[in-house]
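The structure under discussion appears below in the form of structure tokens.
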Amino acid sequence: MSFPSDRHEYEQRDNRTMKLATLKAGGRDGTLVVVSRDLQHCVEVPEIAGTLQSALDNWSTTEPQLKEVYSSLNSGECAGARAFDVEACHSPLPRAYQWADGSAYINHVELVRKARGAELPPSFHTDPLMYQGGSDSFITPRDNVVASKEWGIDFEAEVTVVTDDVPFGATPEQCADKIRLIMLVNDVSLRGLIPGELAKGFGFFQSKPASAFSPVAVTPDELGDAWKDSKVHLPLQVHLNDKLFGKPQAGVDMTFDFSQLVAHVAKTRELCAGSIVGSGTVSNKQGDLFGSSIDNGGVGYCCLAEVRMYETIEQGKPKTAFMDYGDRVKIEMFDADGQSVFGSIENEVVAPS
């Protein structure tokens, strides 16, 4: 098989550069594939690792081998390559040993508290918020979100990282070297259930159902200059029912970078390879409601709750509804050349049967 390529460009890339995905076929943990840079082709690599978790467990051995396959795939010289079908993908890790989601964009937290007339504690600028999500199973990038609309269904578009083994008490500098992959996520939230759960003092559970991750996970150096200071410096695009809803810059207004978020998790425990740490809803500081929406020239939002907060602050109550049955959200990130980096997450809301 051959297709257009620029061999010099590929040779200049760092040797850790690659894109990986997991096909649903092959059991509960799926089948690992290496994906071409343009997301058009893929190849299974059973002789290297059958699953992404297996590859992460043995990263020092599998990384250089996977890189060679990636280079060969991009040059059009890879035996066994075939068309890459996003519909056949699971989340890159169909289940994970750890899924810890932070809230690194303080603007989002500040709006939440301002909407209910509460001040932001000073500690929020130095100590990240974080919760431990359910990681026993994730939905696929194209699965339906099954939930009752009475629960206040919302999407949350975020960036996440996947780590190698991280030692107890690792510093942010040490944690930066342990970030192996980057993904996007739709961290589904059931807003109507959150207040009651938080009032119990034990945190989220029923209000945080299964999340959906991007079809493809990429190594940090695949992003080139867009990966700097443990942040992704690209806009995150969100479409709601085919209309652009948000495009905030993921590298802007991120109070805690990913090295700090991972170090926060590692303060009291070790992390094993394959642990996922999320950024929380991507959110940029803007003026007011009427200057922040896409229609009014702003960068928009990555969740419905945020626009509802603006409405509450400025108009006394929210007017935008949460998701209804049949509503669709699409989450995607493009590089400077307009190429989709991770593929798209596309989830539709359906009622429980």
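The values are calculated or read from the model by the stated rules, or taken from the named source; none is laboratory data. Note that the structure is predicted; figures quoted are calculated from it, not measured. When we count neighbours, we look across all protein chains shown, and the Cβ atoms used for this are built from the backbone with ideal geometry, even at glycine. The area values use the complete protein model at the heavy-atom level, side chains included, leaving out ligands, DNA and RNA. Shrake-Rupley method; radii C 1.70, N 1.55, O 1.52, S 1.80 Å.
Give region 294-316 a look and list any residue that's of a type in the set (Gly, Ala, Ser) and more than 22 Å from the chain's Cα centre (by Cα), or say none. Correct list: Gly297, Gly298, Gly316.
Taking region 127-140 as the range and being surrounded by 15 or more Cβ atoms within 10 Å (Cβ to Cβ) and not in a loop (DSSP other than H, G, I, E, B) as the test, the residues that pass are Met130, Tyr131, Ile139. Cβ contacts < 6 Å: first residue within 14 Å of Glu270 (Cα to Cα) and charged (D, E, K, R), restricted to region 154-182; second residue at pLDDT 95 or above and part of a strand (DSSP E or B), any location; separation 6+ or different chain. Result? So the pair list comes out as Asp164/Arg180; Lys178/Thr163; Lys178/Val166. Among the residues of region 302-353, those that are among the charged types (D, E, K, R), open to solvent by 60 Å² or more (accessible area, probe 1.4 Å) and farther than 19 Å from Val216 by Cα comprise Glu314, Lys317, Lys319, Asp324, Arg328, Glu348. Taking residues in region 256-278 that are in contact (Cβ under 8 Å) with a residue 60 or more places away in the chain, and partners anywhere that are basic (Lys, Arg) and crowded, with 20+ Cβ neighbours inside 10 Å, the pairs with Cβ atoms closer than 6 Å and at least 6 places apart or on different chains are Asp257/Lys231.
The set of residues from region 44-59 being open to solvent by 10 Å² or more (accessible area, probe 1.4 Å) and of a type in the set (A, V, I, L, M) comprises just one member, Ile48. Of the residues making up region 148-183, those that are closer than 26 Å to Arg308 by Cβ and surrounded by fewer than 21 Cβ atoms within 10 Å (Cβ to Cβ) are Ser148, Lys149, Glu150, Trp151. Of all residues in region 60-112, count the ones that are under 30 Å from Gln132 (Cβ atoms), at pLDDT 95 or above, open to solvent by less than 20 Å² (accessible area, probe 1.4 Å) and of a type in the set (A, V, I, L, M, F, W, C). Final tally of qualifying residues: 7.
Close contacts from region 124-142, counting a first residue that is among the basic types (Lys, Arg) and a second that is open to solvent by less than 80 Å² (accessible area, probe 1.4 Å) and in a strand (DSSP E or B), with Cβ to Cβ under 7 Å and a gap of 6+ residues or different chains, come to Arg142/Glu346. Pairs are defined by a Cβ separation below 6 Å, a sequence spacing of at least 6 or placement on different chains, a first member in region 208-221 that is more than 17 Å from Thr17 (Cβ to Cβ), and a second member that is assigned to a helix (DSSP H, G or I) and among the aliphatic types (A, V, I, L, M); the pairs so defined are Pro215/Val86.
Only one of (1) hydrophobic (A, V, I, L, M, F, W, C); (2) in a helix (DSSP H, G or I); (3) out of contact with any helix residue (DSSP H, G or I) (no Cβ under 7 Å at 6 or more places or on another chain) is not met by Val252, so which one is it? Of everything listed in (1) hydrophobic (A, V, I, L, M, F, W, C); (2) in a helix (DSSP H, G or I); (3) out of contact with any helix residue (DSSP H, G or I) (no Cβ under 7 Å at 6 or more places or on another chain), Val252 misses just condition (2). Kindly evaluate Thr312 against the criterion of being polar (S, T, N, Q) and closer than 30 Å to Ser54 by Cβ. Against the criterion (polar (S, T, N, Q) and closer than 30 Å to Ser54 by Cβ), Thr312 does not qualify. Being surrounded by fewer than 20 Cβ atoms within 10 Å (Cβ to Cβ) and touching a strand residue (DSSP E or B) at 6+ places or on another chain (Cβ under 9 Å) is the filter here; which residues of region 21-30 pass it? Within region 21-30, Leu23, Lys24, Ala25, Gly26, Asp29 qualify.
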